[in-house]
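Presented below is the structure to which this report refers.
Every number here is computed from the coordinates shown, using simple stated rules; none is lab data. Note that the structure is a prediction, hence the values are computed from the model and not measured. Ideal geometry is used to build each Cβ from the backbone, glycine not excepted, and the neighbour counts take in all protein chains shown.
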Amino acid sequence: MKKVDHIGIAVKSIAESLPFYTEMLALTLLREETVEEQGVKVAFLDAGNLKLELLEALHDNSPIAKFIARKGQGIHHVAFNVVGIEERISELKEKGIRFISDEPRPGAGGADVAFLHPAQAHGVLYEVCDHTRSKGASSNE
């Protein structure tokens, strides 16, 4: 793991939540996008040494919708920046770590992502994200 890339925060509405981050906390909105495969709309904010990723469900079957229904709005995951995601997944599996999905999937900003099963991490959902194949996207945007 190179560093914390971002912290994912589940919100009911990006439009309603964004003013808190941009006006009250004076964070800069970097970009918004939709990630159909993950069932989310996301907004990335510059928080200095890492990004905050606001996550809004696109539909009721989205993992974010299910998370909010169970736990309410709040911190959803912590993402670590990695290079060579397939190798990192293999290394962690060799150590006995289970993943929600065994293969990397497309994530926001063109990154390849995979989530460690929270049961393996004391209840915390961790993501590994690899930006090396994303065109023009940087972990420090």
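Structural remarks
- With a cut-off of 14 Å between beta carbons, the residues surrounding Thr22 carry a summed charge of -2, where Lys and Arg count +1 and Asp and Glu -1.
- Separation of alpha-carbon centers, the stretch 1-17 and the stretch 31-52, rounded to whole Å: 6
- Among Val35, His59, His77 the positive-end extreme of the charge dipole of the stretch 3-130 (Cβ point charges): His77
- Partner aspartates and glutamates for Lys12 [C-alpha distance under 12 Å; skip if fewer than 8 residues away on the same chain]: Glu56, Asp60
- Measuring max minus min along each principal axis, the C-alpha atoms of the stretch 31-87 give extents of 32, 28, 21 Å (largest first).
- Bridge type composition, the chain - antiparallel percent by DSSP, nearest 5: 75
- A crude spin-label estimate for the pair Ala15 and Lys2, with each label 7 Å from Cα along the Cβ direction, gives 3.6 nm.
- Intensity falloff of the chain expressed as log10 I(q)/I(0), Debye formula with alpha-carbon point scatterers, at q = 0.17 Å⁻¹: -0.94
- Taking Thr28, Thr22 and counting other C-beta atoms within 10 Å, the order from fewest to most: Thr28, Thr22
- In the chain, the DSSP-assigned H stretches of four residues or longer account for a calculated mean residue ellipticity at 222 nm of -5000 deg cm²/dmol, using -39500 (n - 2.57) per stretch and the full residue count as denominator.
- Here the residues Phe20, Phe44, Phe99, ranked from fewest to most Cβ neighbours within 10 Å of their Cβ, fall in the order Phe20, Phe99, Phe44.
- Axis of helix 85-94 versus longest Cα principal axis of the chain: the two differ by about 60°, to the nearest ten degrees.
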